Amino acid sequence: MRGLDLGPSVRRLRLVLCGPGCPRADAHGPGEGGPVKLRKYQEDAISAVLDAVTGGQLQRVAVVLPTGMGKTVIFSHLSRRWIMDRCTKVAILVHRDELISQAVDKIHQVDRDLKVGRVKAGTWDLDADVIVMSVQTVSRPANLAKLEGLASLVIVDECHHASAETWVATLEALGCFSPGGPPCVGFTATLSRTDGRALGTVFQKIVYQKDILDGIAGGHLVNPRGKLITLQAGLLDNVKVSGGDYQVADLGNRLTDVNAPEEVAKAYAELAGKRPGVCFWPTVATAIRATEALKAQGIMAATIWGSMDLEDRRRTLQAYADGEIQVLTNAMVLTEGWDAPRAEVCVIARPTRSPALYVQMVGRVLRPYPGKEDALVLDIAGVTMDHKLATLADLTSGRVKEVQDGESLAEAVERTAREDATAVWALEMARSIQDVDLFRRSATLWLTTDAGCWFIPTGKGFTFLWPDDDDPELYWVGWRGQGGGGSWVSPGGLALEFAMALAEETAERDPGYSKRTASWRKSGGASAAQKDMARRIGLEFAPDVSKRELSDLITVRLASRALDPAFLKVKEARRVSRQA
């Protein structure tokens, strides 16, 4: 490996991996008030936004990232930087009143030093650094005048709503359409709509974009696999269409007529087994009926709906998070602002023509979770004359034209690569997704540093994979001690499968080695000692963080400090080489 020249010398390994002045693994981080560290693509998204809006040419821009890739983390960091640079307020717009608390909680997880206010029915807390506002409240005519000059930056969460009249009126009141007014930055999983309202009338440019395939290839999302639940032929024929999509009441009646709740429950029991999931139905009546049908199959289920008592909803969602409920059915209220990484199965029992809505529904089950290898998407379908239904292919930004029944997105990419020899992106993407899949299915606990270096934590250090200088498909295996020192384990570059096997064998020799399935990783909340350690190295975490989650956060921070200074140099050298 000429690029790093790591030989048997322990001192040389320490210098190359860490470099002069690099913080030791036991050194303190940026302090207790420091924000959660960004992933590389999150940093790139912020840079793209700032480059676009500070140049004066663009005032309203959008960032498109799949659910699960940290949009809230990005705009929380963006808010913090904006406030520190300008000492002015930032306004964040959310779709509904009940989403405000979730946004505030996430912002505080990123940086608890930010003073965050709320504006919703009965509450106008404007004396804050960041003001999270419900469009339901501020778009009322009597309230719009209060928004003038409120903030120097406006952030729009789930900005695919932003072309609606209430949103446009709110943005106008905030000055986002006035020359010299505050920049507006929208965040969403998709900018597509079916109601005829062009988002181009609001946003001038998408300045940063990734889709679900990028998330899978980077190891940030799990790979979804689709299965069809075929009901009566002509299921959607003659169902009324309103605003470009199926009218929910008419669709609900049609699904009831063909006993869809009962058929879906049988299919869930057969195809999903004991996997936890969420079912999206068009109406409260169909969602409740589906819950009863699931219970009849021996599946513990519960229903969530819009007008449900908030305390009852909180208890139900907590029971689901605790594993007491296997399946949640809902009438389209869990499409946004609901995070449940343990959910593995998504039932699209609300067929839709809207790629935006489809992406929102499927996105609920794509977050990684211990023991979660992939996600299962069950689509209601029938032999129909309507060929405009959104499908798994809509998750790929048009890169895959079709995902076949039973096929995963990764398999669809591989098939595309085989069928179209000119699809270079498909070949590269298929390789990246296959690599991530290998790590996920391993019984060994593999983690990645902030810069993307795969490693196994052990009691004394980290066993890691290092890219070969000359062959992008080969990896060296190395070991790095937490306090410094280390050595190469492999005699040269190895194919990924062999490199992984050697790394796992090496890690298992360390008495402190712990498997992914270790019993302690299933235990409850983090200990006081863990939290003290996390604060000393500058980590932020939720008050109810689990022992497993905080352990992984600490480990990644320490490994990143040890490995990333050199790893980033390797990545940059490769980037320059590809461009040459």
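The values are calculated or read from the model by the stated rules, or taken from the named source; none is laboratory data. Just so it is clear, the structure is predicted and the values come from calculations on it, not from any experiment. Glycine gets a Cβ as well: all are built from the backbone with ideal geometry, and neighbour counts include every protein chain shown.
Screening the candidates Val377, Val365 for the property of being within 30 Å of Ala269 (Cβ to Cβ), touching a Cys at 6+ places or on another chain (Cβ under 7 Å) and assigned to a loop (DSSP other than H, G, I, E, B) yields one hit, Val365.
All conditions in (1) touching a Lys or Arg at 6+ places or on another chain (Cβ under 8 Å); (2) over 29 Å from Val110 (Cα atoms) hold for Ser514, with the sole exception of (2).
For Thr463, state whether it is modelled with pLDDT under 90, on the phi < 0 side of the Ramachandran plot and β-branched (Val, Ile, Thr).
no
Can you name every residue in region 308-332 that is part of a loop (DSSP other than H, G, I, E, B) and surrounded by 20 or more Cβ atoms within 10 Å (Cβ to Cβ)? Of everything in region 308-332, those that are part of a loop (DSSP other than H, G, I, E, B) and surrounded by 20 or more Cβ atoms within 10 Å (Cβ to Cβ) turn out to be Gln326, Ala331, Met332. Can you confirm whether Ala260 is surrounded by 22 or more Cβ atoms within 10 Å (Cβ to Cβ), touching a Phe, Trp or Tyr at 6+ places or on another chain (Cβ under 6 Å) and under 24 Å from Ser354 (Cβ atoms)? Taking the combined requirement at face value, the residue does not satisfy it. Taken together, Gly234, Gly243, Gly277, Gly298 contain a single residue that is within 30 Å of Gly524 (Cα to Cα), in the same structural domain as Tyr369 (by TED's automatic domain parsing) and surrounded by fewer than 16 Cβ atoms within 10 Å (Cβ to Cβ), which is Gly298.
Residues that are assigned to a helix (DSSP H, G or I) and at pLDDT 90 or above were ranked within region 529-549; the one that is surrounded by the most Cβ atoms within 10 Å (Cβ to Cβ) is Ala534. In region 119-130, the residues that are without any contact (Cβ under 8 Å) to a residue 60 or more places away in the chain reach residues that are part of a loop (DSSP other than H, G, I, E, B) with C-beta atoms within less than 6 angstrom, at least six apart or across chains, in these pairs: Ala128/Lys115; Asp129/Leu114; Asp129/Lys115; Val130/Leu114.
Thr517 meets each of the listed conditions (1) surrounded by 14 or more Cβ atoms within 10 Å (Cβ to Cβ); (2) polar (S, T, N, Q); (3) touching a residue at least 60 places away in the same chain (Cβ under 8 Å) apart from (1). Would you say Leu568 is at pLDDT below 90 and surrounded by 14 or more Cβ atoms within 10 Å (Cβ to Cβ)? When the stated conditions are applied, Leu568 passes them.
Does at least one position in region 265-274 carry a residue that is part of a loop (DSSP other than H, G, I, E, B), hydroxyl-bearing (Ser, Thr, Tyr), buried (at least 19 other Cβ atoms within 10 Å of the Cβ) and out of contact with any Phe, Trp or Tyr (no Cβ under 6 Å at 6 or more places or on another chain)? There is no residue in region 265-274 that is part of a loop (DSSP other than H, G, I, E, B), hydroxyl-bearing (Ser, Thr, Tyr), buried (at least 19 other Cβ atoms within 10 Å of the Cβ) and out of contact with any Phe, Trp or Tyr (no Cβ under 6 Å at 6 or more places or on another chain).
A Cβ distance below 8 Å, combined with a sequence gap of six or more or placement on separate chains, defines the contacts here; from region 248-275, residues that are of a type in the set (S, T, N, Q) reach residues that are at pLDDT 95 or above in the pairs Thr256/Ala285; Thr256/Thr286; Thr256/Arg289. Total residues in region 386-400 satisfying the condition of being part of a loop (DSSP other than H, G, I, E, B) and surrounded by 11 or more Cβ atoms within 10 Å (Cβ to Cβ): the figure is 8. The selection criterion, being surrounded by fewer than 16 Cβ atoms within 10 Å (Cβ to Cβ), of a type outside the set (Asp, Glu) and in the same structural domain as Arg60 (by TED's automatic domain parsing), holds for Lys115. Examine region 123-133 for a residue that is outside the structural domain of Val333 (by TED's automatic domain parsing), of a type in the set (S, T, N, Q) and either over 25 Å from the mean Cα position of the chain (by Cα) or within 17 Å of Trp167 (Cα to Cα) (or both), and state whether such a residue exists. The answer is yes; a qualifying residue exists. Those strands (runs of 3 or more DSSP E) of region 448-501 in which 2 or more residues are more than 26 Å from the chain's Cα centre (by Cα) occupy 461-467, 474-481, 486-488.
If I filter region 74-97 down to residues being among the hydrophobic types (A, V, I, L, M, F, W, C) and either outside any helix (DSSP H, G or I) or more than 16 Å from Lys115 (Cα to Cα) (or both), which single residue comes out as modelled with the lowest pLDDT? Among residues in region 74-97 that are among the hydrophobic types (A, V, I, L, M, F, W, C) and either outside any helix (DSSP H, G or I) or more than 16 Å from Lys115 (Cα to Cα) (or both), the one modelled with the lowest pLDDT is Cys87. Taken together, Thr506, Thr517 contain a single residue that is modelled with pLDDT under 85, within 21 Å of Arg440 (Cβ to Cβ) and among the polar types (S, T, N, Q), which is Thr517.
Residue-wise test of (1) among the aliphatic types (A, V, I, L, M); (2) without any contact (Cβ under 8 Å) to a residue 60 or more places away in the chain.
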| residue | (1), (2) |
| --- | --- |
| Leu65 | yes, no |
| Met69 | yes, no |
| Leu78 | yes, no |
| Ile83 | yes, yes |
| Val90 | yes, no |
| Ile100 | yes, yes |
| Asp111 | no, no |
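Just one of the numbered conditions (1) within 20 Å of Gly306 (Cα to Cα); (2) buried (at least 22 other Cβ atoms within 10 Å of the Cβ) is not true of Ala121: (2).
Any chance region 495-511 includes a residue that's touching a helix residue (DSSP H, G or I) at 6+ places or on another chain (Cβ under 8 Å) and hydroxyl-bearing (Ser, Thr, Tyr)? No, there is no match, as no residue in region 495-511 is touching a helix residue (DSSP H, G or I) at 6+ places or on another chain (Cβ under 8 Å) and hydroxyl-bearing (Ser, Thr, Tyr).
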